[in-house]
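Participant: I have a structure here, written as structure tokens, and I will follow up with some questions on it.
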Amino acid sequence: MEKKNIDWSNLNFGYIQTEKRYVSWFKDGAWDEGALTEDATVVLNECAGVLQYAQTIFEGLKAYTTDDGHIVAFRPDLNGERMEDSARRLEMPAFPKERFVDAVTKVVAANAAYVPPYGSGATLYVRPYMFGANSVIGVKPADVYQFRIFCTPVGPYFKGGVKPLTICVSDFDRAAPHGTGHIKAGLNYAMSLHAIVSAHKNGFDENMYLDPGTRTRVEETGGANFLFVTRDGKVVTPRSDSILPSITRRSLMHVAKEYLGLEVEEREVYLEELKDFAECGLCGTAAVISPVGKIVDHGREICLPSGMTEMGPVTKKLYDTLTGIQMGRIEAPEGWIHIIE
């Protein structure tokens with residue numbers, strides 16, 4: 001497959017329209033067979049459920065060219081499972097996990113010319129999403145849904161190398177204790193926009209959200225889970241029912257334990273203990289790990305010993321190992337790498 005004439009090494013993390021996308025409709029209680037299409041336009045009635053009551057969910061994953069030339073996706077079955085969970089919580093029909101993985105495979109294969117070459121630093125970002133499509137004026141679930149997947153080649157999330165972030169403890173709440181924080185719903189991200197714009201205006205890169213009940217425990221940022229490293233090398237991640245179960249975070253914890261031999265712990269993490277950690281990172285699909293160098297709690301600065309110039313040593317080992325697995329340089333656990341072609 002001849003690649004597109006794209007300057008892969010200078011790609012931003014942005015949208016480039018590719019040739020094929022997948023579409024399936026849910027009508028009369030069942031999903032149709034679905035198909036690839038070249039039409040990138042979504043046409044909806046002005047009263048569509050997604051426009052009136054934000055009934056929409058999504059996922060995000062990447063496809064890569066590995067060291068041996070294969071095109072692969074990283075753990076798409078877990079994205080499919082999470083999307084099933086999200087659908088049930090918003091009273092939407094679940095798109096079956098097996099069909100999800102098959103649809104991802106079809107979209108990536110159909111757009112193989114847009115998968116960046118190995119060593120370019122770029123990847124193919126894959127975005128599955130679903131929304132209520134029929135007219136809904138009363139507050140209730142839609143009856144008709146559309147499931148779609150598009151993909152776009154993207155550059156590294158951080159151009160010019162990874163630099164530690166400065167984040168702030170937010171005055172806003174990300175999710176309610178029994179709300180939708182544990183699913184990947186569009187409404188969660190809409191309500192975080194004001195908070196992130198406010199943080200940027202104040203000179204911060206991201207927010208640290210606390211639990212809304214007591215505001216003493218660390219939860220996550222607007223789009224990533226936290227990962228901490230203690231001064232004796234233990235990898236710790238916060239536990240909460242309102243945290244999105246990040247596939248990257250789960251993979252990193254496995255890598256820490258099984259590949260690097262580190263002690264790992266998922267537990268409640270308190271704001272007052274942040275000063276005792278050696279390293280901190282934000283983990284998610286886009287950047288894998290974004291190191292944090294400083295946390296500001298209403299004027300009180302918590303400076304991590306790992307500093308503001310580079311990743312801490314444990315965070316770097318985690319990043320290098322997981323990206324090595326994704327790119328085929330390191331042998332992956334069984335089932336982690338889905339070969340597309």
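The values are calculated or read from the model by the stated rules, or taken from the named source; none is laboratory data. Because the structure is a prediction, the values reported are computed rather than measured. Here the Cβ is made from the backbone with ideal geometry for all residues, glycine too, and neighbour counts use every protein chain on show. Protein only, heavy atoms only, side chains kept; ligands, DNA and RNA dropped before computing areas. Shrake-Rupley method; radii C 1.70, N 1.55, O 1.52, S 1.80 Å.
Participant: I'd like the FRET efficiency for His254 and Gln52, computed as 1/(1 + (r/R0)^6) with the beta carbon distance as r and R0 of 35 Å, rounded to 0.05.
Facilitator: Rounded to the nearest 0.05, the efficiency is 0.30.
Participant: DSSP loop (so not H, G, I, E, B), at most 13 other Cβ within 10 Å: list which trypsin sites (Lys or Arg not before Pro) in segment 149-212 pass both filters.
Facilitator: Loop-located and lightly packed - Lys159.
Participant: Can you give the accessible area per residue of segment 215-294, in Å², using a 1.4 Å probe?
Facilitator: Value for segment 215-294: 37 Å² per residue.
Participant: Please list the radius of gyration and Dmax for segment 113-210, considering alpha-carbon atoms only, with Å as the unit.
Facilitator: 18.1, 52
Participant: Normalised by the residues of the chain, what does the relative contact order come to in percent, with Cα pairs under 8 Å and at least six apart?
Facilitator: Computed over the chain, the figure is 19 percent.
Participant: Using a 1.4 angstrom probe, figure out how much accessible area segment 11-164 has per residue, in square angstrom, rounded to the nearest whole.
Facilitator: Ligands and nucleic acids excluded, the figure is 43 Å² per residue.
Participant: Using the Karplus curve 6.51 cos²θ - 1.76 cosθ + 1.60 with θ = phi - 60°, work out ³J(HN,Hα) for each residue of segment 211-216 in order, rounded to whole Hz, and write x for Gly and Pro.
Facilitator: Listing the rounded values in order: 5, x, x, 10, 6, 10 Hz.
Participant: Ok, one more. Of the accessible area of the chain, with the probe set at 1.4 angstrom, what percent is carbon plus sulfur?
Facilitator: Summing carbon and sulfur atoms, their accessible area is 50 percent of the total for the chain.
Participant: Hey, another quick one. How would you rank 24-34, 73-83, highest first, on the average number of other Cβ atoms within 10 Å across their residues?
Facilitator: 73-83, 24-34
Participant: Fully extended, how many nm does the chain gain between Asp28 and Glu334 (0.36 nm per residue separation, minus their Cα-Cα distance)?
Facilitator: So the chain would gain 106.3 nm between Asp28 and Glu334.
Participant: Right, next: Is the shape of segment 154-250 best called rounded, prolate or oblate, per the rule: a/c under 1.5 gives rounded, else a/b larger than b/c gives prolate, else oblate, with a ≥ b ≥ c the square roots of the Cα gyration tensor eigenvalues?
Facilitator: Rounded, because the longest to shortest axis ratio a/c is under 1.5.
Participant: What helices in the chain pass both tests, a Cα length along the helix axis of 15 Å or more and a mean Kyte hydropathy of 0.0 or higher, using whole DSSP H runs?
Facilitator: 97-110
Participant: Going by amide H atoms built from the backbone, whose H comes under 5 Å of the H on Val269, apart from near neighbours?
Facilitator: Amide H neighbours of Val269: Val218, Arg239.
Participant: Any aspartates and glutamates with Cα under 18 Å of the Lys4 Cα? List them, leaving off those in the same chain fewer than 8 positions away.
Facilitator: Lys4 reaches Glu19, Glu38, Glu341.
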